[in-house]
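Participant: After the C-alpha coordinates below, expect a handful of questions from me.
The values are calculated or read from the model by the stated rules, or taken from the named source; none is laboratory data. Computed from a prediction, not measured in an experiment: that's the story for all the values here. When we count neighbours, we look across all protein chains shown, and the Cβ atoms used for this are built from the backbone with ideal geometry, even at glycine. Just so you know, the surface numbers come from the protein's heavy atoms only, side chains and all, with ligands and any DNA or RNA stripped out. Shrake-Rupley method; radii C 1.70, N 1.55, O 1.52, S 1.80 Å.
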Amino acid sequence: MNSYLDPTQIQFYQEHGYLHLPAYADHVDIDHLRQQAQNIMTQFEAEERTVFSTQAQRHTSDRYFLESGDQIRCFFEEDAFDAEGQIQVPLEKAINKIGHAMHDLLPEFQRFSYRSELLSIARTLGMQRPSIVQSQYICKQARIGGVVRAHTDSTFIYSEPLSCLGVWIALEKAHEQNGCLLVLPGSHRAYPLQERFVRNAETGTKFVETTAERVTWPEEKLIPIPAAKGDLILLHGSLVHASSANRSEHSRHAYVLHLIDLACHWPKDNWLQRRTQLPFQDMESVV
Ligand code: FE2
(Lines give C-alpha, C1' and ligand atoms only; values in the text may rest on other atoms or scores of the structure.)
Protein backbone atom coordinates (compact mmCIF):
# COMPACT_ATOMS: atom_id res chain seq x y z
CA MET A 1 0.00 0.00 0.00
CA ASN A 2 1.32 3.45 -0.89
CA SER A 3 1.86 5.72 2.07
CA TYR A 4 -0.73 8.46 2.61
CA LEU A 5 2.08 10.69 3.85
CA ASP A 6 4.92 11.92 1.66
CA PRO A 7 8.52 12.18 2.96
CA THR A 8 8.21 15.94 3.55
CA GLN A 9 5.13 15.43 5.73
CA ILE A 10 6.79 12.61 7.67
CA GLN A 11 9.81 14.80 8.30
CA PHE A 12 7.61 17.70 9.44
CA TYR A 13 5.76 15.42 11.88
CA GLN A 14 8.97 13.98 13.29
CA GLU A 15 10.49 17.42 13.75
CA HIS A 16 7.48 19.34 15.06
CA GLY A 17 5.30 16.62 16.62
CA TYR A 18 2.19 17.52 14.68
CA LEU A 19 1.02 17.57 11.08
CA HIS A 20 -1.88 19.42 9.46
CA LEU A 21 -3.46 17.43 6.62
CA PRO A 22 -6.08 19.50 4.77
CA ALA A 23 -9.24 17.92 3.33
CA TYR A 24 -8.89 14.48 4.93
CA ALA A 25 -12.60 13.89 5.45
CA ASP A 26 -15.47 14.31 3.02
CA HIS A 27 -18.07 16.95 3.95
CA VAL A 28 -21.00 14.61 3.30
CA ASP A 29 -19.45 11.98 5.62
CA ILE A 30 -18.92 14.66 8.24
CA ASP A 31 -22.53 15.77 8.02
CA HIS A 32 -23.68 12.15 8.54
CA LEU A 33 -21.43 11.86 11.58
CA ARG A 34 -22.71 15.14 13.00
CA GLN A 35 -26.29 13.97 12.55
CA GLN A 36 -25.53 10.75 14.40
CA ALA A 37 -23.90 12.70 17.21
CA GLN A 38 -26.88 15.03 17.35
CA ASN A 39 -29.19 12.03 17.68
CA ILE A 40 -27.14 10.69 20.60
CA MET A 41 -27.22 14.06 22.36
CA THR A 42 -30.92 14.58 21.76
CA GLN A 43 -31.74 11.17 23.18
CA PHE A 44 -29.41 11.51 26.09
CA GLU A 45 -31.18 11.59 29.42
CA ALA A 46 -29.71 13.93 31.96
CA GLU A 47 -29.70 11.35 34.73
CA GLU A 48 -25.98 11.32 35.30
CA ARG A 49 -24.49 14.76 35.19
CA THR A 50 -20.84 13.96 34.87
CA VAL A 51 -18.71 16.89 33.88
CA PHE A 52 -15.56 16.09 31.99
CA SER A 53 -12.87 18.66 32.39
CA THR A 54 -9.11 18.28 32.38
CA GLN A 55 -9.06 21.31 34.66
CA ALA A 56 -10.98 19.74 37.51
CA GLN A 57 -11.08 16.23 38.85
CA ARG A 58 -14.66 16.37 40.00
CA HIS A 59 -15.61 13.44 37.82
CA THR A 60 -12.74 11.27 38.82
CA SER A 61 -14.46 8.98 41.26
CA ASP A 62 -17.41 8.67 38.96
CA ARG A 63 -18.08 5.19 37.66
CA TYR A 64 -19.92 6.72 34.73
CA PHE A 65 -16.60 8.04 33.48
CA LEU A 66 -14.50 5.02 34.42
CA GLU A 67 -16.80 2.62 32.62
CA SER A 68 -17.03 4.70 29.46
CA GLY A 69 -14.07 3.03 27.72
CA ASP A 70 -16.35 0.59 25.93
CA GLN A 71 -19.55 2.65 26.00
CA ILE A 72 -21.16 5.69 24.42
CA ARG A 73 -21.62 8.34 27.07
CA CYS A 74 -22.17 12.08 27.21
CA PHE A 75 -20.26 14.47 29.46
CA PHE A 76 -21.22 18.02 30.33
CA GLU A 77 -19.51 21.39 30.22
CA GLU A 78 -18.78 22.79 33.68
CA ASP A 79 -20.11 26.21 32.70
CA ALA A 80 -23.49 24.75 31.76
CA PHE A 81 -24.50 24.64 35.44
CA ASP A 82 -24.96 27.29 38.08
CA ALA A 83 -23.66 27.06 41.66
CA GLU A 84 -26.71 25.01 42.69
CA GLY A 85 -26.10 22.53 39.90
CA GLN A 86 -29.03 23.71 37.80
CA ILE A 87 -28.58 23.45 34.07
CA GLN A 88 -28.42 26.89 32.42
CA VAL A 89 -28.68 26.07 28.71
CA PRO A 90 -30.63 23.59 26.56
CA LEU A 91 -29.41 20.07 27.26
CA GLU A 92 -27.82 19.47 23.87
CA LYS A 93 -25.90 22.74 24.23
CA ALA A 94 -24.59 21.64 27.62
CA ILE A 95 -22.72 18.60 26.38
CA ASN A 96 -18.96 18.87 26.20
CA LYS A 97 -18.30 15.55 24.54
CA ILE A 98 -19.41 12.03 23.74
CA GLY A 99 -16.98 9.17 24.43
CA HIS A 100 -15.26 6.77 24.25
CA ALA A 101 -16.10 3.78 22.01
CA MET A 102 -18.33 5.07 19.22
CA HIS A 103 -15.77 3.82 16.69
CA ASP A 104 -16.40 0.22 17.78
CA LEU A 105 -20.11 0.42 18.53
CA LEU A 106 -21.79 2.60 15.88
CA PRO A 107 -21.55 1.80 12.14
CA GLU A 108 -21.46 5.47 11.10
CA PHE A 109 -18.57 6.21 13.45
CA GLN A 110 -16.86 2.94 12.60
CA ARG A 111 -16.79 3.78 8.88
CA PHE A 112 -15.50 7.27 9.61
CA SER A 113 -12.78 5.99 11.96
CA TYR A 114 -11.44 2.82 10.39
CA ARG A 115 -10.09 4.15 7.13
CA SER A 116 -7.27 2.65 5.09
CA GLU A 117 -5.71 6.13 4.92
CA LEU A 118 -5.46 6.26 8.71
CA LEU A 119 -4.01 2.75 8.87
CA SER A 120 -1.45 3.86 6.31
CA ILE A 121 -0.57 6.91 8.39
CA ALA A 122 -0.17 4.85 11.57
CA ARG A 123 2.04 2.32 9.80
CA THR A 124 4.15 5.03 8.20
CA LEU A 125 4.72 6.58 11.61
CA GLY A 126 6.08 3.30 12.91
CA MET A 127 3.18 1.43 14.51
CA GLN A 128 3.30 -2.35 14.11
CA ARG A 129 -0.26 -3.13 15.22
CA PRO A 130 -2.19 0.16 15.33
CA SER A 131 -5.40 0.16 17.34
CA ILE A 132 -7.96 2.90 17.93
CA VAL A 133 -8.42 2.81 21.70
CA GLN A 134 -10.79 5.74 22.09
CA SER A 135 -13.02 8.09 20.13
CA GLN A 136 -14.33 11.42 21.32
CA TYR A 137 -16.90 13.68 19.71
CA ILE A 138 -16.01 17.09 21.11
CA CYS A 139 -18.56 19.88 20.86
CA LYS A 140 -16.76 22.96 22.20
CA GLN A 141 -20.13 24.68 22.37
CA ALA A 142 -20.56 28.33 21.42
CA ARG A 143 -19.93 30.64 24.40
CA ILE A 144 -19.59 27.86 27.01
CA GLY A 145 -17.00 25.48 25.54
CA GLY A 146 -14.28 25.39 28.19
CA VAL A 147 -10.50 25.64 28.19
CA VAL A 148 -8.44 22.51 27.68
CA ARG A 149 -5.27 23.21 29.60
CA ALA A 150 -1.85 22.29 28.23
CA HIS A 151 -1.27 18.55 28.37
CA THR A 152 0.17 15.62 26.48
CA ASP A 153 -2.10 12.82 25.30
CA SER A 154 0.31 10.14 26.53
CA THR A 155 -0.67 11.22 30.05
CA PHE A 156 -4.15 9.83 29.37
CA ILE A 157 -3.33 7.22 26.70
CA TYR A 158 -0.27 5.57 28.12
CA SER A 159 1.55 2.52 26.82
CA GLU A 160 5.00 1.07 27.50
CA PRO A 161 6.86 2.18 25.52
CA LEU A 162 4.87 5.30 24.63
CA SER A 163 2.98 4.92 21.34
CA CYS A 164 -0.02 7.27 21.49
CA LEU A 165 -1.01 9.06 18.29
CA GLY A 166 -3.76 11.68 18.40
CA VAL A 167 -5.97 12.17 15.33
CA TRP A 168 -7.97 15.39 15.46
CA ILE A 169 -10.52 15.99 12.70
CA ALA A 170 -12.29 19.34 12.32
CA LEU A 171 -16.01 18.79 11.77
CA GLU A 172 -16.47 22.51 11.25
CA LYS A 173 -14.19 25.49 10.90
CA ALA A 174 -11.85 25.93 13.88
CA HIS A 175 -10.13 29.25 14.48
CA GLU A 176 -8.71 31.22 17.37
CA GLN A 177 -12.05 32.70 18.38
CA ASN A 178 -13.83 29.37 18.79
CA GLY A 179 -10.94 27.52 20.41
CA CYS A 180 -8.83 25.82 17.73
CA LEU A 181 -5.90 23.62 18.71
CA LEU A 182 -2.81 25.27 20.18
CA VAL A 183 0.45 23.33 19.91
CA LEU A 184 3.97 23.68 21.23
CA PRO A 185 6.09 22.64 18.22
CA GLY A 186 8.94 20.28 18.99
CA SER A 187 7.82 19.71 22.59
CA HIS A 188 7.46 15.96 21.93
CA ARG A 189 11.25 15.79 21.67
CA ALA A 190 12.03 18.33 24.37
CA TYR A 191 10.22 17.07 27.47
CA PRO A 192 9.81 13.66 29.11
CA LEU A 193 6.35 12.49 30.20
CA GLN A 194 5.44 14.34 33.40
CA GLU A 195 2.40 12.45 34.68
CA ARG A 196 -0.03 9.62 34.06
CA PHE A 197 -3.79 9.55 34.61
CA VAL A 198 -4.50 6.25 36.39
CA ARG A 199 -7.21 4.36 38.23
CA ASN A 200 -7.12 4.58 41.97
CA ALA A 201 -9.07 2.57 44.52
CA GLU A 202 -9.89 5.51 46.81
CA THR A 203 -10.41 8.41 44.45
CA GLY A 204 -11.44 6.67 41.23
CA THR A 205 -8.64 8.22 39.23
CA LYS A 206 -5.66 10.42 39.88
CA PHE A 207 -2.64 11.97 38.22
CA VAL A 208 0.66 10.40 39.25
CA GLU A 209 4.00 11.97 38.50
CA THR A 210 6.52 9.98 36.51
CA THR A 211 10.09 9.69 37.74
CA ALA A 212 11.26 12.08 35.02
CA GLU A 213 12.71 15.46 35.89
CA ARG A 214 10.02 18.16 36.51
CA VAL A 215 9.82 20.74 33.75
CA THR A 216 7.79 23.88 33.10
CA TRP A 217 6.41 24.02 29.60
CA PRO A 218 6.82 27.41 27.90
CA GLU A 219 3.10 27.79 27.26
CA GLU A 220 3.60 31.29 25.91
CA LYS A 221 5.05 29.57 22.84
CA LEU A 222 1.86 27.66 22.02
CA ILE A 223 0.77 28.46 18.46
CA PRO A 224 -2.76 28.20 17.01
CA ILE A 225 -3.51 25.72 14.23
CA PRO A 226 -6.67 26.96 12.50
CA ALA A 227 -8.40 24.24 10.50
CA ALA A 228 -11.11 23.95 7.87
CA LYS A 229 -13.96 21.46 8.01
CA GLY A 230 -12.51 18.06 7.07
CA ASP A 231 -8.91 18.82 7.96
CA LEU A 232 -6.98 16.33 10.06
CA ILE A 233 -4.27 17.25 12.55
CA LEU A 234 -1.95 14.50 13.78
CA LEU A 235 -0.62 14.95 17.29
CA HIS A 236 2.32 13.02 18.70
CA GLY A 237 1.40 11.60 22.12
CA SER A 238 4.19 13.60 23.75
CA LEU A 239 3.32 16.92 22.08
CA VAL A 240 2.20 19.65 24.49
CA HIS A 241 -1.09 21.11 23.26
CA ALA A 242 -4.16 22.91 24.52
CA SER A 243 -7.19 24.87 23.36
CA SER A 244 -8.79 28.08 24.53
CA ALA A 245 -12.36 28.50 25.69
CA ASN A 246 -14.91 29.11 22.98
CA ARG A 247 -16.23 32.60 23.60
CA SER A 248 -17.57 32.98 20.06
CA GLU A 249 -21.09 32.50 18.71
CA HIS A 250 -19.99 29.40 16.78
CA SER A 251 -19.52 25.86 18.00
CA ARG A 252 -16.32 24.00 17.22
CA HIS A 253 -17.15 20.35 16.72
CA ALA A 254 -14.23 17.96 16.32
CA TYR A 255 -13.82 14.19 16.23
CA VAL A 256 -10.76 12.86 17.99
CA LEU A 257 -9.27 9.38 17.87
CA HIS A 258 -6.38 8.04 19.87
CA LEU A 259 -4.30 5.18 18.56
CA ILE A 260 -1.74 3.02 20.27
CA ASP A 261 0.44 0.18 19.08
CA LEU A 262 -0.88 -3.14 20.38
CA ALA A 263 2.71 -4.38 20.28
CA CYS A 264 3.21 -2.18 23.37
CA HIS A 265 2.07 -2.95 26.92
CA TRP A 266 -1.22 -1.41 28.14
CA PRO A 267 -1.01 -1.20 31.96
CA LYS A 268 -3.95 -2.34 34.06
CA ASP A 269 -3.98 0.91 36.02
CA ASN A 270 -4.58 3.05 32.91
CA TRP A 271 -7.88 4.86 33.41
CA LEU A 272 -9.13 3.63 30.02
CA GLN A 273 -10.01 -0.04 30.09
CA ARG A 274 -12.13 -2.40 28.01
CA ARG A 275 -14.14 -5.31 29.29
CA THR A 276 -13.40 -8.71 27.78
CA GLN A 277 -16.42 -8.63 25.46
CA LEU A 278 -15.03 -5.62 23.55
CA PRO A 279 -11.23 -5.73 23.50
CA PHE A 280 -9.11 -3.20 21.61
CA GLN A 281 -9.25 -4.05 17.92
CA ASP A 282 -6.27 -4.57 15.68
CA MET A 283 -7.01 -1.87 13.10
CA GLU A 284 -5.96 -4.09 10.25
CA SER A 285 -8.71 -6.61 11.05
CA VAL A 286 -11.42 -3.94 10.79
CA VAL A 287 -10.30 -1.69 7.92
FE1 FE2 B 1 -5.24 16.24 23.87
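Participant: I'm checking my understanding of the structure. Among residues of segment 143-157 that are open to solvent by 30 Å² or more (accessible area, probe 1.4 Å) and either among the hydroxyl-bearing types (Ser, Thr, Tyr) or farther than 15 Å from Trp168 by Cβ (or both), which one is nearest to the ligand (Cβ to nearest atom)?
Facilitator: Here the answer is Arg149.
Participant: Next up: Pick out the one residue from Glu249, Glu220 that is modelled with pLDDT of 95 or more and open to solvent by 50 Å² or more (accessible area, probe 1.4 Å).
Facilitator: Exactly one residue qualifies, and that residue is Glu220.
Participant: Checking Pro226 against (1) modelled with pLDDT of 95 or more; (2) open to solvent by less than 40 Å² (accessible area, probe 1.4 Å): exactly one of these is not met. Which one?
Facilitator: All conditions are met except number (2).
Participant: Tell me, which strands (runs of 3 or more DSSP E) lie completely within segment 148-232 with 1 or more residues that are under 23 Å from Ala254 (Cβ atoms) and touching a strand residue (DSSP E or B) at 6+ places or on another chain (Cβ under 6 Å)?
Facilitator: 148-151, 165-170, 181-183, 195-200, 223-225
Participant: Against the definition (among the hydrophobic types (A, V, I, L, M, F, W, C), open to solvent by 50 Å² or more (accessible area, probe 1.4 Å) and more than 20 Å from Gly17 (Cα to Cα)), how does Ala201 come out, yes or no?
Facilitator: yes
Participant: Failed condition for Ser131, given (1) within 16 Å of the ligand (Cβ to nearest atom); (2) assigned to a strand (DSSP E or B); (3) modelled with pLDDT of 95 or more, with all others met?
Facilitator: All conditions pass for Ser131, except number (1).
Participant: Something else about it: Report yes if some residue within segment 263-277 is under 22 Å from Phe112 (Cβ atoms) and either within 16 Å of the ligand (Cβ to nearest atom) or under 20 Å from the mean Cα position of the chain (by Cα) (or both); otherwise report no.
Facilitator: yes
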